[in-house]
Amino acid sequence: MKRTKAFLFNAAYLAAINIFLRFAAVSFNAYVSAKIGARSMGLFTLVMSVYGFAVTLSLSGVNLASMRLTAEKSALVAAAGGDGRSFRAVTGGVAFRCTVYALLFSVPTGTALFFLSPYIAERLISDARVILSLRVLAAALPAISVTSALSGYFTGLRKVYKNALSSVTEQAVKICVTSAALTVSVPFLTDRVEYSCLAVVGGSAVSEALSLILNVLMFLTDNRRPSHAKTADAKVTGKTSLKSVAAVAMPIAVGALARQGLSTAEHLSIPWGMKKSGLNGETALASYGILQGMVFPLVLFPSAVIASAGGLLIPELAECRAVGDRAGTKRMIGRSYRVATRYAILCGAVFFFFSSELGRLVYSSAEAGSRIAAVAPLVPIMYFDTTTDCMLKGIGEQVHSMKINVIDASSSLLLVLILVPSFGVAGYVVSVYFCETLNCVLSFLRLRRVTGIGLDPVRNAVIPAACAAAAGLVTSGFFAGGEPTPAVTAVRIVLCILVFLSLDSLINRIFDKKSGYGC
């Protein structure tokens, strides 16, 4: 019971922080979009797509390795009756090896990106204006990688408040630096597109550097390595080596690299495909910027809750796996799914029924609203897949997760090359639907096969979907007419949530009482 309460507290705390950060990010994204325009936003999104591959190579799965090894080692030390000194010695060894592993990948990757920036800008992005932006981002790669290793370490110890402090500080610095650069410098420069992009990535680089400093200070002050440790510790827990770190991280790294590489190729192909469909270069870049720079960040905003709970599930499931508690694993997965499916379906309904208002209020764009409505039905699938992916990683199924992600990315690239030149943005949306659904189905089938978990489709999908549809239809008509205001839209969304919760609770109680139907 104590462990459950601690998990729920950490999940709620981390979810609240992540929601705040996502809100700040979406609001800041709207500000940046209005400041630099859809064209510059599209160019920035292309830069970040290429940069995403470099980040993935720099991280190479170190966050998951740090999280899982820290959780497993701490569980084994506790089971063996180790004292505080031995605990700190063992977990400190995990953090040190993961940091070395992170630097071994991030330093060469940053160096390569710095010197290859002209080639990438001219040949892959077809715009030499992003060379400076790529070089600035290259310098931030080691900081990002080491910060990720320490973040996984703190999560493995359930010290989520440290990650929260780091994330809040990083976001605040990013907003301040970027806003200052856009306000003070950009209006006086000749090429607004180039230097707008540089201002945004420069703010990110500065915030990553300060986040690294903060994480290192928190680690040194909280987890000093003791002067001596029990000689039996290594025998009980197994010595943490670079090989053991790589054993956990590399399957994730290979899958992530393959997926990110294919994803980068996909994103670079989207503007090309839109041009083939009949759009000119600037219009294609603007359409891409609206979809990737505005719509997807907004619809993924509530996934902060799913990501927080899922991230905390990884060390919990890793501990169950380390001590052979299969019943605990199955029970934890079942409970998590019951909550996650309802939350995901409710979020999808809100985005669908209030898409027009959200597009106009957040981005002042009717086109963004129509795109939100187009992808809203996909939201439950995306959130469900995120939960499943975290569970697979927690039970040691990262290799199969890697294979599924590679299949997903390969299919996505192929569909983009086939559909976008013929159907434009609609073709890309279709490809996203197909690939997200494929990934979700394959991931769940693997999880069910390994754990034996089963979900009741009526109680976990049909009833929540019916309740969400009813709630959306009823409340979307409230206060209708005229230009939407933030207050009215917020009230309607809150009413939709309350109606959904009431209907879902009522129907489930009827099922429980009259038919004895179990979850």
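Net charge around L300, counting only other residues with Cβ within less than 13 Å of its Cβ (Lys, Arg = +1; Asp, Glu = -1)?
-1
Taking the range 98-149, how much of its Cα-Cα pair set, in percent, is spaced more than 16 angstrom apart?
It works out to 42 percent of all Cα pairs.
Which of the peptides 504-510, 250-256, 365-371 is most tightly packed, and how do the rest follow, going by the mean number of other Cβ atoms within 10 Å of each residue?
250-256, 365-371, 504-510
For a label point 7 Å from the Cα of L165 along Cα→C-beta, name the residues of the range 35-75 whose backbone N is under 20 Å from it.
What the label zone holds, given the 20 Å backbone N cut-off, is 67.
In the neighborhood of L378, defined by Cβ-to-Cβ distances under 14 Å, what is the net charge if each Lys or Arg adds +1 and each Asp or Glu adds -1?
Neighbourhood net charge equals -2.
Once both labels are modelled 7 Å past Cα along the beta-carbon direction, what's the F434-R448 spacing in nm?
Label-label distance for F434 and R448, simple model: 2.3 nm.
With the crude spin-label approximation of a point 7 Å out along Cα→Cβ, what separation in nm comes out for S244 versus C176?
So the label points at S244 and C176 sit 4.0 nm apart.
Pop out the ³J(HN,Hα) list for the range 245-252 in order, Karplus 6.51 cos²θ - 1.76 cosθ + 1.60 with θ = phi - 60°, rounded to Hz; leave Gly and Pro as x.
5, 5, 4, 7, 7, 5, x, 5
Please tell me which of these pairs span more than 20 angstrom C-alpha to C-alpha: K243/K393; K330/K393; K35/K276; K73/K159; K162/K330?
From the list (K243/K393; K330/K393; K35/K276; K73/K159; K162/K330), the Cα-Cα distance tops 20 Å for K35/K276; K162/K330.
Taking 0.36 nm per intervening residue step and subtracting the Cα-Cα distance, what contour gain separates T183 from K276 on full extension?
29.9 nm
Whole-Hz ³J(HN,Hα) for each residue in the range 327-339, computed from phi via Karplus 6.51 cos²θ - 1.76 cosθ + 1.60 with θ = phi - 60°, x for glycine and proline: what do you get?
Listing the rounded values in order: 5, x, 4, 5, 5, 5, 5, x, 5, 5, 5, 4, 7 Hz.
Tabulate in residue order the Karplus-calculated ³J(HN,Hα) for the range 355-368, using 6.51 cos²θ - 1.76 cosθ + 1.60 with θ = phi - 60°, rounded to whole Hz; enter x for Gly and Pro.
3J(HN,Hα) across the range 355-368, in whole Hz: 4, 4, 5, 5, x, 6, 6, 7, 10, 6, 9, 5, 5, 4.
Out of the total accessible area of the range 377-519 (probe 1.4 Å, heavy atoms of protein only), what percent is carbon and sulfur?
72 percent
Between the range 364-423 and the range 427-443, what's the alpha-carbon centroid distance in Å?
Measuring centre to centre over Cα atoms gives 5 Å.
How far is it, in nm, from the label point at A16 to the one at V491 when both lie 7 Å from their Cα along the line to the Cβ?
Going from the A16 label point to the V491 one covers 2.7 nm.
Whole number please: convex hull volume per residue of the Cα set in the range 392-464, in Å³?
101 Å³
The values are calculated or read from the model by the stated rules, or taken from the named source; none is laboratory data. All of these numbers come straight from a predicted model, not from anything done at the bench. Cβ: placed from backbone, ideal geometry, glycine included. Neighbour counts: every protein chain shown. Just the protein is used for accessible areas: all its heavy atoms, side chains included, with ligands, DNA and RNA removed. Shrake-Rupley method; radii C 1.70, N 1.55, O 1.52, S 1.80 Å.
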